[in-house]
Amino acid sequence: MEDEQKTPDPAIPGDILPNIILPDATESGVGMAQQSRAGRWLMLIFVEPELLAQKAEAIAAVRARIEACEGLAYTVFFAKPDPTVAGADLFDASKRGALFLLGESKSGIAVISPEG
């Protein structure tokens, strides 16, 4: 049986992605392939805890642009789920999501096409 904690090789443009699931502030898993997200561009903005406040204005601008195009944007905070963190939608304490989508475990933006 494959180790579930093992991060797969990083995705590359054109890959068909598995259902990426990240916890929200209540620790409920939010899947990027849920039907409510079908057919929409998804943007995951991964951000280091110490940069969240500093980058808040830039993050808001990027989110507004994709949402204006009827896409969905999520700010992903590198920490354990915490309902007191303002500005974070999802959490990636292990940085496995960033490592898989960005190829590195640091701040960055992953854009997921609705094309399957």
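Considering all C-alpha pairs of region 37-82, those separated by over 13 Å amount to 56%.
In terms of overall dimensions, the C-alpha atoms belonging to region 68-116 reach 32, 26, 16 Å along their principal axes, ordered largest to smallest. Taking every protein chain into account, the 1.4 Å probe leaves PHE91 with about 0 Å² of accessible area, to the nearest ten. Beta bridges assigned by DSSP with both partners in the chain are antiparallel in approximately 50 percent of cases. Over the chain, the hull volume per residue, using the convex hull of the C-alpha atoms, is 113 Å³. Electrostatic tally near SER107: other residues with Cβ closer than 14 Å to its Cβ, Lys and Arg +1, Asp and Glu -1, net -1. Protein-only accessible surface at a 1.4 angstrom probe places the residues ASP92, ASP9, ASP24 in the order ASP9, ASP24, ASP92, largest first.
The values are calculated or read from the model by the stated rules, or taken from the named source; none is laboratory data. Quick caveat, the model's predicted, so the values are computed rather than measured. Using ideal geometry, Cβ is built from the backbone for each residue, glycine included, and neighbour counts are taken over all protein chains shown. Quick note on the areas: whole protein, heavy atoms, side chains included, nothing else; ligands and nucleic acids left out. Shrake-Rupley method; radii C 1.70, N 1.55, O 1.52, S 1.80 Å.
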